[in-house]
Structure formats: C-alpha cells, structure tokens
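Below is one structure, written out as structure tokens; the observations come after it.
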Amino acid sequence: MMPRSLSANVIFGLAPIVLVIALWQGLVSFGFAPVVLLPPPGVVFGRLLKQLVTWTFQQEIAATLIRLFAGFAIAVVLGVSIGIAAAASPAINAIVRPIVRVLAPLPKVALYPALLLLLGFGHGSKITLVAADALFPILLSTYYGASTVEQKLIWSAMAAGTRRYEILFKVVLPAAMPSILTGCRIGLVICCIVVFLAEMITSTDGLGHVLVTAARTFQAVDMFVPLIAISLLGLILNGLLGAVRSYLLRGFPEA
Amino acid sequence: MTSPSALARRAAPMFACIGLLAVWQVASLALKNDSFPTAIEAIRAIPDILGDKESLINILASLRRMAIGFGIAVLVSIPLGLLMGRSRAVAAFFNPLLMVIYPVPKAALMPIIMLWLGVGDITKTLVIFLGVSLPVIYHSFEGAKAVEEKMLWSGAAMGLSPLQRLVRIVLPAALPEILTGCRTGLVLALITMITSEMIARQSGAGNILFNALDMGQYDTVYAMIIIVGAMGICLDAVFERVRARLVRWSEPQFDMPLSFS
Amino acid sequence: MKVVPSRSSEWVRPVTSQKPASAIIEIDRVSQVFQTSARKDHLALSNISLTIEEGAFVSILGPSGCGKSTLLYIVGGFVNPTSGAAKMKGQAITGPGPDRGPVFQEFALFPWKTVLGNVMYGPRQQGVRVAEAEAQSRALIEMVGLKGYESFYPKELSGGMKQRVALARTLAYHPEVLLMDEPFGALDAHTRTRLQNDLLNIWERDRKTVLFVTHSVDEAVFLSDKVVMMSKSPGRIREVIDIDLPRPRRRNELLLDPRYQKYVVDIERMFDEVDETGSVS
C-alpha cells in the first residue's frame, strides 16, 4: 500500500516537470519560439552531458563548489555559535539582538562592491558574501531553537550533575538540532544562489561566469547549461543534507 | 510600554546602527586605504546622490518595479500555498517542480529573459516576481498544513463550503506564517532588484552602485550601500509593524533568554 | 509488568526498616513571589515551613495554582525562593545536585538518546566508567520492566514507558531524595495505577526519601506516609496528615480497608474546602 501510493506520488509530482519540458519542446517544435532564443530541451540536456565530462567545465564546477562550501562552513560555525551564545547569555543577547535586527534585513549583495574593494576579485570576496548571506537564517533558527529548549530537559541534566557550561554542549546544542538543521537547509539554498550571482557579477571562473560568457555571445544553449547545473547541484546538496538530517535527528519525532 | 527598559529596547537598533558606523569609521581610519572611505565621508556623499535628479528617478523606478513584482507575487503565491497546504494532491503536484526551481538564482535568469523580452521593466519585474514567489508559497503551504483539522470540522459543521473554509478559517489561521513568508519575500525582492540591476547594468540603484565602482567614485559606492541598506532596514521595520498589528492575537514572538545562565 | 528483584544490583541501598527519624530536608519560612506583569506581583508561596524525614514518602497535595510544584522546584534548587531557605542535610540548597533527583510530569527525556543512553547519562556524568554504567543501567531498565527496549528512542515508547525510563534515569545516579512532580499526571487511569503499584514496590525495597507532588487524593493516600495539604492564593500549608496504614501496601487489600477509605473521604472534603476558599479570595 505504502510503496504504491509513494510511487504514484512520484509520478504525479514528475508530471508538472514533464509538462514544462513538453511545453518547452512544443514551443520550439511548432515554431512559436526561434531555436536561437529557446533551444529545444534535448539539445540543452545533450550539451549539459557533453560538458559534464570535460575538464574545463569540471573546473568551473569545482570553483563554484569551493566558494559555496567555504562560505557555508563559515556561516554554520558563526551562526550556530553566536545563536547559542545569544540564547544562553543575556549580556551577549543584548548586544547581538539589535545588531542582527539591523544587519539581517540588509541586502548583503549591496555590500559586494565594498567586499570587492577590500578583498579583491578572488575567492575572498565571494566567500565572504556567501557566508554573510547564509549566516542570518542559520543564526536566527539556532537562536530560536536554543531559546525554546524545554526547561525541564535542562533541569534534568543539571540534577544529574551536569555543570552549567556543559549544558550548552550536552543539552542545548542537541536539543536545538532540529531547528539548526532547518536553518542550515535554508542557508544552503541561499549559498547556491549567492555564489552563482557573485560569479555572474564579476568573476573569471565558476558556473555563473559560464552563463555570463554565453550571454555575451548570445549562445542560448550554453546559457541554459549552467542554470540546470546549479539547480541539480542544489538538489544533490539538499539531498545530502536531508540524509545528514535524518541521521542526526533519528531520535526526534517527526524528523 | 514607556518604562525605561522598553525605551532602551526600542532604541537599541539605533545604537546598533551608530555602533556599526563607528566601527566602520575606526576601521577605515586604521586601514588608510584609498578604496575604503570613512563612514562620515560616505554619509556626506548621500545628499549628492539623492539630490541628483537622474539618480533619484533611477532609484524610484527600482522601487516601483519592486513593489509591482512583490504585489503580484503575493497575490498569486498565497492562494497557491494555501491550496497546497490543504490538498495532498495539489502539494504532490507542485512540490517537485518548486524543489527544482528553488536553488536556481532567479536573478540569473535575467540574461535569458532579456533575450526574450528585452531589457525593459517587464523583465526585471518578472525576475522579482519569481524571487518573491517561492518563500511566500512555502510559508503559506506550511501555515495551511498546520491548521487544526478540528477547526475545519467545526467550520464544516456550521455549514461553510470548502472555499469559505479556505478563506475564513485557513487564511486567518495561517496568517502569522504567511506574513513571515512575506517578510522574507520583501527582503528577497530588494535583493533580487539590486542583483538584477547589477547584472543587466541598464538602470536602477544596482546600476548606480556598479557604475560608481567602475569609475572609482568610492564615496558614491559606499553611500549607495548605505542607501540600499537603509531601504532594507526601513522596509523590514515597516512590515514588522504591520505584521504585529495584523496578528496581535497570535503568540508573541519568542523573546527571552534561557534561564539557566 | 513484573518487578524482578535483583539482589545483585548495586543501586539498592541496604534496607533499614527501623532507622531513627532524622530530618533530611528542612524548608524554613519560604516565600515565593512571581512578577506576573509590570506592576502586579503574585504571591505563589507564603511562609512555608516543613521538615521531611529521611526515608519518608511525603506527598504535597493541593489544587492547581497552590504552588506545590514551585515548592518542589525550590527543594530541587531549580528555583531560588524570594525569601526563606531550603536545606538538605543541614546544608543550604543553592542549586540542583545529584543528591536530589527530579522526575517530571513531562518526562523530559533526551530525545536524541536511546533508552539506555538516557539512563546512562547520570552515571557517566558522575564519572562512572562506560562498562560499569552500562551494566548498572541495564539492571535498572530491567527493574522498571523495560528489558528489551534498551535501544529504543523515547519517541517510540508510550507515555507510561517514557515515565519508567525517566524514573530509571533518575535512580541511576543514586539521589538521596526523589522529587516527583505529578509524575503520573499525563497518563491514562489504567497506566497510572500500574505505575503507582510499581513505584511502591520499588520504593518499599530501598526506602529513599520521596517528595511527591500530586492533585490526586487517592494517589497521595495510597503512596504516602504523610500528606501535606496546601491551599492556594497564596500557597500555604493547610494541614499535615500522617497516613497510618500498614506496609507493604497492596492495592486490592487497601481499597477495601475502611481506614484507607476514611482518609480519602476526609482529605477530599478538606480539598473541597481549600479549593473554595481559594477561589473566593
């Protein structure tokens, strides 16, 4: 019963994706859109597969991935530690809260020119931008998770002889894990988006740069390839994070 | 409401702004870098930008596109999200498509859409629309999914039709979550707006920013950063006010440090 | 469920049936004020003094809002009283410690740890080596009737089983006093009686001091040596009743015992009185 309805759901869910591709193919086949502007899906996916095995394209992906992971890692470390510290200490909270309220809604991409001036056009400025954008969702959900930890969980651990500073690692961090991972999932998608945009705005390599190069020469096929690549990358990373999540949260209900 | 501690809490973001500007000032004085003007120099350049007619028109045009894109996105996304939340079939139908679209940077679609629709307002508005839609759909979906089944049963028992239940029970019950999505969407609209203008380099606030960068007018670069940042903070603050009014009945946002420390 | 007597397990302290009654917990003129809003204070506990003797099973009984749980939290060291002091063996209580083990109505199990992991937490925290902690914990899990469930996560257990794990987790670090905060309040009636029976069986073997908060009169009479009746607004001790019923107590005998019935009827009447006076003021 269960697997059948599951596979039915999968087919059902694939339907709109197939539909979009069919519509795309139809537009080209029936001559509504010229091939130069909208290449047929077969050509695009064929080009993607051909590109994926070339050394140069793999290097572009590698450049994007390095920036993405470095930025994400910085955002996770900073976001989780600041979030927990702000939940644990009223003094830190009083400082962090107003700063976060000012910086969180600030469009970080506007800082990019400044980052370029300060850190140059290499990895540094892009990684910083990625980290700055992914930081706040992770920080805020960590803070939320850490400040809603059930009081009696903490009391139980304290009664069992856990010292106050240990409580942070032994109770608050694991108890806040579900919402930390939710924040990480949002942060990861943001990382994908931001790294691509940063590469589009100014770069000499990476998937975003591939798109810009193609746009300059009006190669529609080559413009679709990096977009599909980043979408697939996002799906794969999201899947990996989902696996990590279901392992880490195996004890939590509804995980 | 007017106790000194409440007043201090309300003024805290102001202090944070001043503090951040002060850190900037000190850092720039310490670094003595040509491409890193002091905060005061950047602030001094703001009136020049806002006084310049062309810049002002550019910025206002940006804001108009943003408002239109945001408005249409909200109007389309909330009903879709609510339907997805209340109907498994609708959710199963749209979820995979949305998952595929989610990690695609919407502003990156600019070059392709430009090929089709040109560099005009429509392209930029469309990109903003795409950027705002997803978080609003997602939060409306989550909010509608969490609505208590028994509340809907009560509604059905009172003789409400499915559509009436959606509008009169699901919509208000999911409103806190929907507004959270709109808040994210609003910030995203601003981000998408700036980014699309940085990529298309035709007009708007993002364009002023990068033109100044290219021409080495560093004061203008930083002044524009302050202007865009202020837009984000103000829009967010205004929206937060509206949100707090609309969902006064719901649980106040959690605001307390843990008591073990 | 059967309680298997395990003579070998080390957590069982020698049974001393005829020990001299010495005070283990002293509560001295404790008051607790909560700030409910900017200018309104709520007096939750007013001038409470109470002495609990070592090895006694004492229930605190009262209507909702009489501050009975707050009193327990003060003894646990989780809450500091506004005035007055609580002492454990003559030492002022300043914070939580492994000499006083809580069992909460909400179970408060660590969701990221298995049953065994939860029970082992205390001993490991006390510096007991892994192998030894595991052996002790397995014995305790067996004693509370959950043998075979060691590798389950709390989410996979029923409410009654979760509370058994919570009890085992607390017993695992050998507290001298058990602080039970309406431990069976979230359970259905049947599970509740079974856990009461099992708790009594476990307790009658090693007679730890128990401070037990409840709002159920028959639960209090069935389990306790002493029932402390509290009234609300403000929380005060109304009366302390000695429950002079023979031990070991068996439910099927006790329910037919006229002395038990009289205690229940008398205390229920008193409960009605304090609830009414409380709601008027």
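The values are calculated or read from the model by the stated rules, or taken from the named source; none is laboratory data. Everything numeric in this text was worked out from a predicted model, so none of it was measured. So basically every Cβ, Gly included, is an ideal-geometry build from the backbone, and we count neighbours across all protein chains shown. Each accessible area value is taken on the protein alone, full model and side chains, heavy atoms only, with ligands, DNA and RNA left out. Shrake-Rupley method; radii C 1.70, N 1.55, O 1.52, S 1.80 Å.
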Across 20 Å bins from 0, what is the distribution of all Cα-Cα pair distances for the protein assembly as shown, in whole percents?
13, 38, 30, 16, 3, 0
In this structure, among A:LYS152/C:LYS87; C:LYS68/C:LYS162; C:LYS68/C:LYS232, pairs with alpha-carbon gaps over 20 Å are A:LYS152/C:LYS87; C:LYS68/C:LYS162
The ³J(HN,Hα) series, computed from each phi in region C:205-210 with the Karplus coefficients 6.51, -1.76 and 1.60 at θ = phi - 60°, rounded to the nearest Hz and given as x for glycine or proline, is 7, 10, 6, 6, 5, 10
Go through C:ASP218, A:ASP133 and list them by solvent-accessible area, largest first, probe radius 1.4 Å.
C:ASP218, A:ASP133
Region C:107-174 - charge dipole about Cα centre, Lys and Arg +1 at Cβ, Asp and Glu -1, debye rounded to 20
140 debye
accessible surface per residue for the protein assembly as shown, probe 1.4 Å, DNA/RNA/ligands not counted, whole Å² -> 47 Å²
Which of the residues in region A:107-124 lose at least 50 Å² of accessible area when you go from the chain alone to all protein chains together (probe 1.4 Å)?
A:PRO107, A:VAL109, A:ALA110, A:PRO113, A:LEU117, A:LEU118
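Kirkwood hydrodynamic radius of region C:107-174 from all distinct Cα pairs, in Å? Kindly include the intermediate steps, with their values, before the conclusion.
On the way: mean 1/r = 0.0879 Å⁻¹.
In region C:107-174 this quantity evaluates to 11.4 Å.
For chain C, give me the percentage of DSSP beta bridges that are antiparallel, rounded to the nearest 5 percent. Don't skip to the end; give the middle numbers.
Values: 22 of 42 bridges.
Close to 50 percent.
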Can you list the residues of region A:229-255 whose accessible area drops by at least 10 Å² going from the chain on its own to the full set of protein chains, with a 1.4 Å probe?
A:ILE230, A:SER231, A:GLY234, A:LEU235, A:ASN238, A:ARG250, A:GLY251, A:PHE252, A:PRO253
Could you identify which residue out of A:ILE84, A:ILE74, A:ILE17 has the top mean-square fluctuation in a GNM of chain A using Cα springs shorter than 10 Å?
A:ILE17
Scalar couplings 3J(HN,Hα) for region A:158-171 by Karplus 6.51 cos²θ - 1.76 cosθ + 1.60 (θ = phi - 60°), nearest whole Hz, x for Gly and Pro, are 5, 5, 7, x, 7, 6, 4, 6, 5, 3, 4, 8, 8, 10
Counting only DSSP beta bridges with both residues in the protein assembly as shown, tell me the antiparallel percent, nearest 5.
50 percent
Angle between chain C longest axis and helix C:159-171 axis [Cα atoms, degrees, rounded to 10]:
80 degrees
Give the angle, between 0 and 90 degrees and rounded to the nearest 10, that separates the Cα long axis of helix C:115-125 from the longest principal axis of the Cα atoms of chain C.
80 degrees
Note the buried accessible area between A and B here, summed over both chains, with a 1.4 Å probe, in Å² to the nearest 100.
5200 Å²
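Pairwise over distinct Cα atoms, reciprocal of the mean inverse distance: report the Kirkwood radius of chain A in Å, one decimal place.
21.0 Å
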Please list 3J(HN,Hα) in residue order for region B:85-96, calculated via the Karplus relation 6.51 cos²θ - 1.76 cosθ + 1.60 where θ = phi - 60°; whole Hz, with x for glycine and proline.
x, 9, 10, 4, 5, 4, 5, 4, 6, 8, 3, x
What residues have an amide H closer than 5 Å to that of C:THR51, excluding those fewer than 5 places away on the same chain, when H is modeled at 1.01 Å from N in the peptide plane?
C:ILE27
Protein accessible area in chain A, 1.4 Å probe - carbon and sulfur %:
75 percent
In 10 Å bins starting at 0, how do the alpha-carbon pair distances of region C:77-210 split up by percent?
12, 42, 34, 11, 1
If you put +1 on each Lys and Arg Cβ and -1 on each Asp and Glu Cβ, how big is the dipole of the protein assembly as shown around its Cα centre, in Debye rounded to 20?
560 debye
How big is D, in µm² s⁻¹, for region B:39-246 by Stokes-Einstein at 4 °C and 1.567 mPa s if Rh is the Kirkwood radius over C-alpha pairs?
69 µm²/s
For the protein assembly as shown, the charge dipole (Cβ of Lys, Arg +1; Cβ of Asp, Glu -1; about the Cα centre) points to a positive end, and the Cα of C:ALA108, B:LEU163, C:GLY67 closest to that extreme belongs to B:LEU163
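How big is the A-C contact in terms of buried accessible area, both chains counted, 1.4 Å probe, rounded to the nearest 100 Å²? Don't jump to the answer; show the numbers that get you there.
Details: alone 15110 and 13740 Å², together 26850 Å².
Chain pair A/C: roughly 2000 Å² of buried accessible area.
Tell me the mean residue ellipticity at 222 nm calculated for chain B from its helices only (DSSP H runs of n ≥ 4, each -39500 (n - 2.57), averaged over every residue, nearest 500).
Helix contribution divided over all residues of chain B: -26500 deg cm²/dmol.
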With chain C treated as a Gaussian network of Cα nodes joined by springs under 10 Å, which of C:ARG129, C:ARG205, C:ARG169 yields the largest mean-square fluctuation?
C:ARG129
Picking from A:LYS126, A:LYS170, A:LYS108, which is most flexible by a Gaussian network model of chain A using Cα springs under 10 Å?
A:LYS170
